[in-house]
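To start, the structure under review is shown below, and the notes come after it.
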Amino acid sequence: MGYETLLLEREGAVLSLILNRPEKLNAISPRLLEEMAQALDEISRMENLRLLVIRGAGRAFSSGTDLQALAGQGLERVPTAFRYHLARMQEVFNRVSSLEKPVLAVIHGYALGAAMELTLACDFRICTLEARFALPEVQYCLVPDLGGCQRLVRILGVAKAKEFVMLGRAVDGAKAQELGLVNKAVSSDRLDQELNAWKEELLALPPLSIGLAKRVVDLSPDTGLQAALEYTSQVQASLITSRDFEEAIRAKLEKRQPKFQGV
């Protein structure tokens, strides 16, 4: 399927979803949003896909919401229309976070506002040392509305989340790594090398267990301990009867690399 604002590039078990409006610093327009929803539908049907990488074309990951395109629709003058648009954006970002496979954001240049919120919906984030992160909405008499507030609290805790949300502070990639906002920050010339290292590590793991491990972790903050333990027990019971569990044990005993099938 062809897209105007996105590129999908598949390499084996890895799919790269590339924001492709470089002339607009990959600003997130209503069109890009709808195409992302369509792309996620396509991704959900792909067989043997084990890793989704999200990145931006050109000079930046994304400068955030395309305010010019949004204003052109006049949504700010029709509250019901704006609420529908916002709910649609939230749904798309939530679908990114709920994919039953790891999602890795690769960030260079800007990741501002909605773009930073998109990276927070991913499981892992790597970036350049010079990358810029910010949630500047408060400066425009708005608040982050795509899950950034909630996900930041989970990632950084309340105090640091308030610095981003209430003050609109910007940080570079080095500071983002120090805070724990990203998993790794590297020099620009090493970003692709770092990406390849993450691909290698993630693809070496059993796809069945890594997807369910993601689910267990994501449910934990909103679930009571006993309920979370019961769910974990159900997950473990299903995994211990899987062929990949048998393969992992056999490979360990035979001192060889396992060959996982996702079953």
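Just the residues that are farther than 13 Å from Leu212 by Cβ and of a type in the set (S, T, N, Q), please, taken from the range 242-263.
Answer for the range 242-263, where residues must be farther than 13 Å from Leu212 by Cβ and of a type in the set (S, T, N, Q): Gln257, Gln261.
Being over 28 Å from the mean Cα position of the chain (by Cα) and touching a residue at least 12 places away in the same chain (Cβ under 8 Å) is the filter; apply it to the range 224-247 and report the residue that is surrounded by the most Cβ atoms within 10 Å (Cβ to Cβ).
By that ranking, first place goes to Glu247.
Could you say whether any residue in the range 201-209 is touching a helix residue (DSSP H, G or I) at 6+ places or on another chain (Cβ under 6 Å), within 24 Å of Ser97 (Cα to Cα) and polar (S, T, N, Q)? Don't jump to the end; show me each part of the working.
Taking the range 201-209 first, the residues touching a helix residue (DSSP H, G or I) at 6+ places or on another chain (Cβ under 6 Å) are 206, 208-209.
Subsequent filtering for residues that are within 24 Å of Ser97 (Cα to Cα) retains 206, 208-209.
Filter again for polar (S, T, N, Q), leaving 209.
Taking every residue of the range 201-209 in turn, at least one turns out to be touching a helix residue (DSSP H, G or I) at 6+ places or on another chain (Cβ under 6 Å), within 24 Å of Ser97 (Cα to Cα) and polar (S, T, N, Q).
Determine, yes or no, whether Arg59 is basic (Lys, Arg) and in a helix (DSSP H, G or I). I'd like the intermediate steps shown before the answer.
On the way: basic (Lys, Arg): yes; in a helix (DSSP H, G or I): no.
It is false that Arg59 is basic (Lys, Arg) and in a helix (DSSP H, G or I).
Give the number of residues within the range 80-124 that are assigned to a helix (DSSP H, G or I) and either touching a strand residue (DSSP E or B) at 6+ places or on another chain (Cβ under 6 Å) or modelled with pLDDT of 95 or more (or both). Spell out the reasoning first.
Keep residues of the range 80-124 that are assigned to a helix (DSSP H, G or I), which gives 80-98, 114-120.
With either touching a strand residue (DSSP E or B) at 6+ places or on another chain (Cβ under 6 Å) or modelled with pLDDT of 95 or more (or both) added as a condition, the list becomes 90-98, 114-120.
Total meeting the criteria: 16.
For the range 203-223, indicate whether the set of residues that are more than 19 Å from the chain's Cα centre (by Cα), over 25 Å from Leu51 (Cβ atoms) and either crowded, with 18+ Cβ neighbours inside 10 Å or not assigned by TED's automatic domain parsing to the domain that holds Phe124 (or both) is non-empty.
yes
Give the residue that is surrounded by the most Cβ atoms within 10 Å (Cβ to Cβ), with candidates limited to residues of the range 23-35 that are touching a residue at least 40 places away in the same chain (Cβ under 8 Å) and touching a Phe, Trp or Tyr at 6+ places or on another chain (Cβ under 9 Å).
For the range 23-35, the residue satisfying everything is Asn26.
Looking at (1) in the same structural domain as Ile107 (by TED's automatic domain parsing); (2) out of contact with any strand residue (DSSP E or B) (no Cβ under 8 Å at 6 or more places or on another chain); (3) hydrophobic (A, V, I, L, M, F, W, C), find the lone condition where Leu179 falls short.
Status for Leu179: all satisfied but (2).
Please list, ordered by residue number, the helices (runs of 4 or more DSSP H) wholly in the range 126-221 having 1 or more residues that are in contact (Cβ under 8 Å) with a residue 40 or more places away in the chain and either on the phi > 0 side of the Ramachandran plot or charged (D, E, K, R) (or both).
148-156, 191-203, 207-219
Assuming Asn26 fulfils every condition listed in (1) in a helix (DSSP H, G or I); (2) touching a strand residue (DSSP E or B) at 6+ places or on another chain (Cβ under 9 Å) apart from one, which condition is it?
If we test Asn26 against (1) in a helix (DSSP H, G or I); (2) touching a strand residue (DSSP E or B) at 6+ places or on another chain (Cβ under 9 Å), just (1) comes out false.
Within the range 114-144, can you find the residues that are in contact with a Leu (Cβ under 6 Å, 6 or more places away or on another chain) and over 19 Å from Ala185 (Cα atoms)?
Ala114, Pro144
Of the residues Ser242, Ser233, only one is outside the structural domain of Glu100 (by TED's automatic domain parsing) and farther than 25 Å from Leu49 by Cβ; which? So that I can check it myself, show each step before the final result.
Values: Ser242 fails: farther than 25 Å from Leu49 by Cβ.
Criteria check complete, one pass: Ser233.
The values are calculated or read from the model by the stated rules, or taken from the named source; none is laboratory data. Keep in mind that this is a model prediction, so the values were computed, not measured. Glycine also receives a Cβ, built like all others from the backbone with ideal geometry; neighbour counts cover every protein chain displayed.
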